[in-house]
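The values are calculated or read from the model by the stated rules, or taken from the named source; none is laboratory data. Because the structure is predicted, anything quoted here is derived from the model rather than measured. Virtual Cβ from ideal backbone geometry, glycine too; neighbours counted across all protein chains shown. What goes into the accessible areas is simple: the full protein's heavy atoms, side chains included, and nothing from ligands, DNA or RNA. Shrake-Rupley method; radii C 1.70, N 1.55, O 1.52, S 1.80 Å.
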Amino acid sequence: MLNIRSFSLGPLETNCYVLTGDDPGRAIIIDPGMNPAPLIRHIEGLEIEAILLTHAHFDHMGGVDEVRKLTKAPVYLHDLESEWLVNPKMNGSQNWPQVTPPLTTDPAEYSLDEGQQLQLIGRTFTVYHTPGHSPGSVSFLCGNDLFSGDVLFKLGVGRTDLYGGRERDLLDSIQNTLFTFPDDVKVYPGHGPKTSIGYERANNPYVR
C-alpha cells in the first residue's frame, strides 16, 4: 500500500506529496513547493530517495533548493524543462514579483521520459509525458494512484497561457493518456482536492 501525505505549500497552495511504502523511514517527495517549512518538519528523520517534479513552474519547484540541500536527494525532471530550474523567466518566478522573488536551483540530476519506470520506496512509478500545461509536464502512476501535476484537477484542467503552454496538447494528454486509465484510479492533482479518473471522465466540463 502507498502511504500518501499531502501539504498545501506557498501562496498558490501547491500540493506537495510525501509518499512512503512498506518502510516508513524511506520516502519520496513530489513537487516541493514554496515555503516548505511544514514539509521539512514532516520529513525530519526520513531518508528521502528522490524528489520528483511533475513540471518546473515556480510554485512546484520553489522548495527544491532547500529540500535538496537538506536531504541530499536527487531531483527528477523531464528533459524539455531541463533549463527551467536555473531560469526564472522559464519557471515563471520572474513574472510574478507580487508572489515571489526570482527562483533558481541547480539542474535536475535525472531526466524523465515517457514510459520510464522508476523503482522507488519499493514501488514502481510509471512516467507519462502529459504536455500542455507546460512542455515537460509528466504524470506519475503507482498502482491506482495518479499524480497529475497541473494537467488534470477536480472539475478543471491546467492553464495553458504560461510559457510553453498549449491547449490542444493539454486536452490530448487528458483524453488520450489519462482518460485511458480505469475509473477507479485516484487522481492527486497539483492544486485542490483529489478526484478520480471515472469522476472526471463523467463530469469534467473542460474535457468532452
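Keeping the other protein chains in place, figure out the carbon and sulfur percent of the accessible area of the chain, with a 1.4 Å probe. Show your work: numbers first, answer last.
On the way: 4420 of 9130 Å².
Answer for the chain: carbon and sulfur cover 48 percent of the accessible area.
Straight-line cross-link reach from Lys154 at under 12 Å between alpha-carbon atoms covers these aspartates and glutamates, not counting any fewer than eight positions away in the same chain: Glu200.
Computed from phi, the 3J(HN,Hα) profile of the stretch 28-44 under the Karplus parametrisation 6.51, -1.76, 1.60 (θ = phi - 60°) reads 10, 10, 10, 6, x, x, 5, 6, x, 3, x, 5, 5, 4, 5, 8, 4 Hz, with x in place of Gly and Pro. Surface analysis of the chain yields an accessible area of 44 Å² per residue, using protein heavy atoms and a 1.4 Å probe.
For the stretch 108-164, the convex hull spanned by the alpha carbon atoms encloses 90 Å³ per residue.
Could you tell me which trypsin sites (Lys or Arg not before Pro) in the stretch 1-101 are loop residues by DSSP with no more than 13 other beta carbons within 10 angstrom of their beta carbon?
Details: sites: Arg5, Arg26, Arg41, Arg68, Lys69, Lys72, Lys89; in loops: Lys72.
Within the stretch 1-101, the qualifying trypsin sites (Lys or Arg not before Pro) (loop, at most 13 other Cβ atoms within 10 Å) are Lys72.
For the stretch 1-112, the gyration tensor built on C-alpha atoms gives a prolate shape. Its axis ratio a/c (a ≥ b ≥ c) is at least 1.5, and a/b is the larger of a/b and b/c. Both the radius of gyration and Dmax for the stretch 68-130 are 14.0, 41 Å, in that order, over alpha-carbon atoms.
Taking square-rooted eigenvalues a ≥ b ≥ c of the alpha carbon gyration tensor, is the chain rounded, prolate or oblate, where a/c under 1.5 means rounded and, failing that, a/b exceeding b/c means prolate?
On the way: a/c = 1.55, a/b = 1.11, b/c = 1.40.
In terms of gyration-tensor shape, oblate.
Per-residue ellipticity at 222 nm from helix content only, as computed over the chain with -39500 (n - 2.57) for each DSSP H run of at least four residues, stands at -4500 deg cm²/dmol. Computed over the stretch 34-114, relative contact order equals 30 percent, with contacts defined as Cα pairs under 8 Å that lie 6+ residues apart. What is the local net charge at Arg123, summed over the other residues whose Cβ is closer than 14 Å to its Cβ (Lys, Arg +1; Asp, Glu -1)? Combined, the nearby Lys, Arg, Asp and Glu give -3.
Residue-wise HN-Hα couplings along the stretch 113-129, as the Karplus relation 6.51 cos²θ - 1.76 cosθ + 1.60 with θ = phi - 60° gives them from phi, are 8, 3, x, 5, 10, 9, 9, 9, 6, x, 10, 10, 10, 9, 9, 10, 6 Hz; Gly and Pro carry x. The label-point distance for Asp79 and Lys154, in a model that sets each label 7 Å from Cα toward Cβ, rounds to 3.7 nm. Residue by residue, the stretch 99-109 carries 3J(HN,Hα) couplings of 10, 7, x, x, 10, 9, 8, 5, x, 5, 6 Hz when phi is fed to the Karplus relation 6.51 cos²θ - 1.76 cosθ + 1.60 (θ = phi - 60°); x denotes Gly or Pro.
Placing +1 on the Cβ of every Lys and Arg and -1 on the Cβ of every Asp and Glu, with nothing else charged, gives the stretch 67-120 a dipole about its Cα centre of roughly 380 debye.
Using a cutoff of 8 angstrom between alpha carbon atoms and counting only pairs six or more residues apart, the relative contact order for the chain works out to 15 percent. The dipole here belongs to the stretch 21-110: it is taken about the Cα centre, uses +1 on the Cβ of Lys and Arg and -1 on the Cβ of Asp and Glu, and is about 300 debye.
Ranking request for peptides 30-40, 115-125: highest mean number of other beta-carbon atoms within 10 Å first, then the rest in descending order.
On the way: 30-40: 20.9, 115-125: 15.3.
So the order, starting with the most tightly packed, is 30-40, 115-125.
Amide H contacts for Gly149 (H built 1.01 Å from N in the peptide plane; partners 5 or more residues away or on another chain; cut-off under 5 Å): Gly190.
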